[in-house]
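Step one of this worksheet: look at the structure below.
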Amino acid sequence: MINMKMQIGGKAVEACGCEFSDIINPATGEFIDRVPRGTEEDAAMAVEAAWSAFSDWASTSPQQRAGILYRAAGIVRERKDELAVLLTREQGKPLTEAKNEIEGFANVLEYYCGLASSFHGDFIPIHQSGYAFTVKKPLGVCSAIIPWNMPALIMAWKISPALISGNTLVLKPASSTPLTNLTLSSILSEAGLPAGVLNIVTGPGEVVGESLVKNRKVKRISFTGETGTGKRVAELAASGMKRVTLELGGSDPMLVCDDANLEAAVAGALRGRFYNCGQICTAVKRLFVFESVAEEFIKKLEAGIRNLRVGNGLHEDVDMGPLNNRRQWEYIKELVAELKEKEEGRILTGGRVPEGSDYSKGYFFEPTLVADVSEESRLLNEEVFGPVLPVVRVKDLDEAIEKANNTCYGLGASIWTKNIDRARIGCERLNAGIIWLNQHLKVAPEVPFGGTRESGIGKENGPDALSEYLDLKTVMLKT
Ligand code: NAD
């Protein structure tokens, strides 16, 4: 046991309440470590530390800030293997996915370092009256609240634009995956990030998260998590007139037309649904396939799913690990049990907890494919954050789009076709913040990411994310 501590004002600290939470490996039930169960006082202390550090950090040059983040990215790359093992142990994902995520963390940091000199104001001549100019300033203390599915990558999405633009930050990790976040934060300190610029407070969302959102000194909240939690965060933030970015749930549709490359579409659906055990906001959560190719497509997909090897992410050749936590596991089991009981679909493969000693202590569930799903089924009407994929046959693109849009969410969507008109129509009519053509799931630091409708407000990644962390002041001068 290392007994990891929170990081506040550059120091490793216990919680004021002297309580701890155990972090468990979801594949084995093994105890990994314990972290402090933070309190409201801890959250307030972290905000004070970030507040004290703000003016010095804001007055460093963007190049100095970039130098530190570059160094941190370098250390992360050197320690990639060790960090990936830690991530797999607390999150459950296969090691190759964990390595990709750690690399993604370094990529995002480096991308924003490259933008360090790019944010500045504008000069605006005003006809016969003078001119105006605009100045961009960091906001002050920001807070980031993140989930457990991609803890390293989402941390990078939030801290990189915030820090490079001169803000200080308090980050609250998810309760089940704080260890990678704490380790990454200590790497940033090692790279030279001054004390108090980035603070990490572990603990329950209702306590630490809400305290951060309500604190008057916090100017901005960047939240990633469930839509229900996001609504609560938005409500609390509104009374303090704080800026928010909300990256919330999704129920992404994948549309497979009759002219699609079926092999590629099958591979896309497998990766799109079962990567990270289906626990990705933009995972393929509903599959709509043209009737004329449905039989062939489903057969190929079923065979692909049967080939997926489920197991402990630390073991070689594992394609899919366990769900991350008991709550999520219970949810998936209950959903499938209800589907069977109400006869709301035909399970083609999967649908059970795998048997055997390798699985007996973890939160495993078989990758599952369900056909002939009734429209009332929870599978089509809730965000299913796990390895269960419903497939629906449709007669044409109109029906596919109508059904795909029949949700409160609007995060991502993909269309699989070689026909440019179908692709264009899909892009125009699908309600989603990000649309993929003949692929699904791909993200990149330079590409804006975020949802519409109840999938959220605001964008992360890309140069525009910087504006979210900068105040724009206008100065008008008469000549
Ligand atoms: P969650 O909403 O339960 O928790 C997210 C974070 O919020 C955690 O750190 C949690 O402790 C904290 N929290 C909980 N209650 C809070 C409160 N009242 N006030 C402030 N903070 C609170 O979500 P989760 O189960 O950790 O993550 C899964 C969800 O995240 C899914 O819905 C998924 O789609 C979504 N997600 C969205 C994106 C995106 O970019 N749109 C990315 C990843 C995950």
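Nothing in this text is a laboratory measurement; each read-out follows from the coordinates by a stated rule. Predicted, not measured: the structure shown is a model, and the values here were computed from it. Cβ placement follows ideal geometry from the backbone for every residue including glycine, while neighbour counts extend to all protein chains displayed.
For residue 361, a cut-off of 21 angstrom between C-alpha atoms picks up these lysines, skipping any fewer than 8 places away in its own chain: 93, 333. By the Kirkwood approach, averaging reciprocal distances over each pair of separate Cα atoms, segment 253-437 gets a hydrodynamic radius of 16.6 Å.
Of all lysines in the structure, those lying under 17 Å Cα to Cα from residue 395, and not within fewer than 8 positions of it along the same chain, are 403. In segment 398-438, the convex hull through the Cα atoms has an average projected area of 2.6 nm², a quarter of its surface area. 3J(HN,Hα) couplings calculated from phi for segment 382-392 with the Karplus curve 6.51 cos²θ - 1.76 cosθ + 1.60 (θ = phi - 60°) are, in sequence order, 10, 7, 8, 9, x, x, 10, 10, x, 10, 10 Hz; Gly and Pro show x.
In summary, the aspartates and glutamates within cross-link reach of residue 478, defined as a Cα separation below 17 angstrom excluding same-chain residues under 8 places away, comprise 122. Across segment 218-304, the fraction of Cα-Cα pairs farther apart than 15 Å, rounded to a whole number, is 65%. The amide H of residue 349, built 1.01 Å from its N in the peptide plane, has 369 as neighbours under 5 Å, considering only residues 5 or more places off or on other chains.
Cβ under 12 Å from residue 269's Cβ, residue 269 left aside: what net charge do those residues give with Lys, Arg +1 and Asp, Glu -1? Residues close to residue 269 contribute a combined charge of +2. Which distance in Å, rounded to a whole number, links the C-alpha centroids of segment 354-422 and segment 219-278? A separation of 14 Å, based on Cα centres. Using C-alpha pairs under 8 Å with a sequence gap of at least 6, the mean separation divided by the residue count of segment 253-437 gives a relative contact order of 29 percent. In this structure, the residue pairs whose Cα-Cα separation is over 22 Å, taken from 80/219; 300/342; 214/285; 137/219; 11/136; 99/299, are 80/219; 300/342; 214/285; 11/136; 99/299.
Out of all DSSP beta bridges with both ends in segment 253-437, state the antiparallel percent to the nearest 5. Please report the intermediate quantities before stating the final value.
Values: 3 of 22 bridges.
The antiparallel fraction comes to roughly 15 percent.
Looking at the chain, the DSSP beta bridges with both ends there are about 40 percent antiparallel. All C-alpha to C-alpha distances of segment 51-207, sorted into 5 Å bins beginning at zero, yield P(r) values of 2, 10, 18, 20, 18, 12, 8, 5, 3, 2, 2, 1, 0, 0 percent in whole numbers.
Translational diffusion of the chain was estimated from the Stokes-Einstein equation, with Rh taken as the Kirkwood radius over Cα pairs; at 20 °C and 1.002 mPa s the coefficient is 92 µm²/s. Remark: segment 340-465 is approximated by an ellipsoid whose semi-axes, taken from the C-alpha gyration tensor as √(5λ), come to 29, 21, 14 Å, largest first.
Semi-axes, largest first, in whole Å: what does sqrt of 5 times each Cα gyration tensor eigenvalue give for segment 426-477?
28, 13, 10
Would you mind calculating the relative contact order of the chain from Cα pairs under 8 angstrom and at least 6 residues apart, reporting the percent as a whole number? With pairs under 8 Å counted, the relative contact order is 19 percent.
The stretch between residue 438 and residue 120 holds 110.8 nm of extra length on full extension. This uses 0.36 nm per residue minus the Cα-Cα distance.
Taking every Cα-Cα distance in segment 151-195 and sorting them into 10 Å bins starting at zero, the pair-distance distribution P(r) comes out as 25, 62, 13 percent.
What FRET efficiency, computed as 1/(1 + (r/R0)^6) with R0 = 35 Å and r the Cβ-Cβ distance, is obtained for residue 85 and residue 374, rounded to the nearest 0.05? Each step should come with its number before you reach the end.
Values: r = 43 Å, r/R0 = 1.22.
It comes out at approximately 0.25.
How large is the translational diffusion coefficient of segment 58-121 in µm² per second when you combine the Kirkwood radius over alpha carbon pairs with Stokes-Einstein at 25 °C and 0.890 mPa s? My calculation gives 192 µm²/s for D.
Rounded to the nearest whole angstrom, the semi-axes of the ellipsoid equivalent to segment 255-333, taken from the Cα gyration tensor as √(5λ), stand at 26, 15, 10, largest first.
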